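Q: I am attaching a structure below and will ask some questions about it afterwards.
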Amino acid sequence: GEEVAQTPKHLVRGEGQKAKLYCAPIKGHSYVFWYQQVLKNEFKFLISFQNENVFDETGMPKERFSAKCLPNSPCSLEIQATKLEDSAVYFCASTRTSEHGYTFGSGTRLTVV
Amino acid sequence: SQKIEQNSEALNIQEGKTATLTCNYTNYSPAYLQWYRQDPGRGPVFLLLIRENEKEKRKERLKVTFDTTLKQSLFHITASQPADSATYLCAPNSGGSYIPTFGRGTSLIVHP
């Protein structure tokens, strides 16, 4: 399809619980990116993939965050032992090449209580 | 450290006028710069990408300029309409990487 599909739209987790977010990129797009938007308009880059390979993970808090993009499956972002500060909107984006504009999904709003 | 600055104050203009938004960056030299629009509760929508060897790019009522000497990009919307009201995000690719880093955005409000 021509949209990046993110599920679920909303996710509520108690502190310490696990959260798993999904992203189906546009077919034919080789690159997938995850961003975290904590405060209004402040985007933090987390990780990017080229096909199923991690391309850049410099933004990932590795002790609790992990991500995968496996063939024929949606990409996923998993947060173990969530903390209050993980509350944010998580956006996934995909692009054909690194020099094209990105197509973003509508985001998953994670609320940790 | 690398910084991207967009005007944090909302830009209010009258319908029909030209809106000009500014993006300044410091301490790196992006090979290209993207502009996005974000509406409340939605993901950013790609508008334009301009490369370092391009001075200007246009798409319909939109125009982007890229001055690598001043380290600045300007984003113009001509004949603005209330439907153009949104937050506009500047995203240069970070130095040495193709990953775009987003500015905090400028809110544009077009009054009928």
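Q: Go through segment A:14-109 and name the GluC sites (Glu not before Pro) that are in a DSSP coil and have 10 or fewer other Cβ atoms within 10 Å of their Cβ. Could the numbers behind the result be given before it?
A: Details: sites: A:E15, A:E42, A:E52, A:E57, A:E63, A:E78, A:E85, A:E99; in loops: A:E15, A:E42, A:E52, A:E57, A:E63, A:E99.
For GluC sites (Glu not before Pro) across segment A:14-109 that sit outside H, G, I, E and B with at most 10 neighbouring Cβ atoms in 10 Å, the list reads A:E63.
Q: What Kirkwood radius, in Å to one decimal, follows from the Cα pairs of the protein assembly as shown?
A: Hydrodynamic radius (Kirkwood, Cα only) of the protein assembly as shown equals 18.1 Å.
Q: Still on this model: For the pairs A:K44/A:K83; A:K18/A:K83; A:K20/B:K3; A:K44/B:K3, flag any whose C-alpha to C-alpha distance is greater than 21 Å.
A: Violating the 21 Å limit, Cα to Cα: A:K20/B:K3.
Q: Working with all protein chains in place, sort A:D86, B:D67 by solvent-accessible area computed with a 1.4 Å probe, largest first.
A: Numbers: A:D86 5, B:D67 55 Å².
The ranking, largest first, comes out as B:D67, A:D86.
Q: Pop out the carbon and sulfur fraction of the accessible area of segment A:5-112 as a percent, whole number, probe 1.4 Å.
A: Details: 2590 of 5260 Å².
Result for segment A:5-112: 49 percent of the exposed heavy-atom area is carbon or sulfur.
Q: Follow-up question, since we're still on this one. Let me have the relative contact order for chain B, percent, based on Cα pairs under 8 Å that are six or more residues apart.
A: 36 percent
Q: Sequence gap at least 6, Cα distance under 8 Å: using those rules, report the relative contact order of chain A to the nearest whole percent.
A: Computed value for chain A: 38 percent relative contact order.
Q: What is the spread of the Cα atoms of segment A:5-112 along each of their three principal axes, largest first, in whole Å?
A: Rounded to whole Å, the extents work out to 37, 27, 24 Å.
Q: Whole-Hz Karplus ³J(HN,Hα) for segment B:70-77, in order, using 6.51 cos²θ - 1.76 cosθ + 1.60 and θ = phi - 60°, x for Gly and Pro?
A: 7, 6, 8, 10, 10, 10, 10, 10
Q: Net charge within 15 Å of B:R61 by Cβ-Cβ distance, Lys/Arg positive one each and Asp/Glu negative one each, not counting B:R61 itself?
A: Working: positive: B:K17, B:R37, B:K57, B:R58, B:K59, B:K63; negative: B:E15, B:E56, B:E60, B:D84.
Value of the local net charge: +2.
Q: Going by a 1.4 Å probe on protein heavy atoms, which residues of segment A:66-113 end up with at least 40 Å² less accessible surface in the whole assembly than in their chain alone?
A: Residues losing area: A:S98, A:E99, A:G101, A:Y102, A:F104.
Q: Give, as a single signed number, the net charge of other residues whose beta carbon lies under 13 Å from the beta carbon of A:K68, with Lys and Arg counted +1 and Asp and Glu -1.
A: That works out to -2.
Q: Continuing with this model, one more query. What GluC sites (Glu not before Pro) in segment B:10-112 are in a loop by DSSP, with at most 15 other Cβ atoms within 10 Å of the Cβ? Provide the component values of the computation, followed by the final result.
A: Numbers: sites: B:E15, B:E52, B:E54, B:E56, B:E60; in loops: B:E15, B:E52, B:E54, B:E60.
Sites meeting the loop and neighbour criteria: B:E15, B:E52, B:E54, B:E60.
Q: Right, something else. Report, ordered by chain and residue number, the aspartates and glutamates lying within cross-link reach of B:K55, taken as a straight Cα distance under 15 Å and ignoring same-chain residues fewer than 8 apart.
A: Straight-line reach from B:K55, under 15 Å: B:D67.
Q: In segment B:3-111, carbon and sulfur make up what percent of the accessible area (probe 1.4 Å)?
A: 48 percent
Q: Any idea how far apart B:N27 and A:S30 come out in nm if each label point goes 7 Å out from Cα toward Cβ?
A: 3.2 nm
Q: Given charges of +1 on the Cβ of Lys and Arg and -1 on the Cβ of Asp and Glu, with all other atoms neutral, how large is the dipole of the protein assembly as shown about its Cα centre, in debye to the nearest 20?
A: Details: 26 positive and 22 negative charges, 39 e Å.
The dipole of the protein assembly as shown has a size of about 180 debye.
Q: About the Cα centre of chain B, how large is the charge dipole given +1 on each Lys and Arg Cβ and -1 on each Asp and Glu Cβ? Please answer in debye to the nearest 20.
A: In debye, rounded to 20, chain B gives about 160.
Q: Send over a whole-number figure in Å² for the accessible area per residue of chain A, probe 1.4 Å.
A: Details: 5730 Å² over 113 residues.
For chain A, the solvent-accessible area averages 51 Å² per residue.
Q: Suppose we take every Cα in chain B and form the convex hull; what volume per residue is that in Å³?
A: 97 Å³
Q: If you take the accessible area of B alone plus A alone and subtract the pair, what total do you get in square angstrom, rounded to 100, with a 1.4 Å probe? Walk me through the intermediate numbers first.
A: Details: alone 6390 and 6550 Å², together 11240 Å².
The contact between A and B buries close to 1700 Å².
The values are calculated or read from the model by the stated rules, or taken from the named source; none is laboratory data. Every value quoted in this text rests on a predicted model; they were computed, and no experiment measured them. Methodologically, a virtual Cβ is constructed for each residue, glycine included, from the backbone with ideal geometry; neighbour enumeration extends over all protein chains shown. Just the protein is used for accessible areas: all its heavy atoms, side chains included, with ligands, DNA and RNA removed. Shrake-Rupley method; radii C 1.70, N 1.55, O 1.52, S 1.80 Å.
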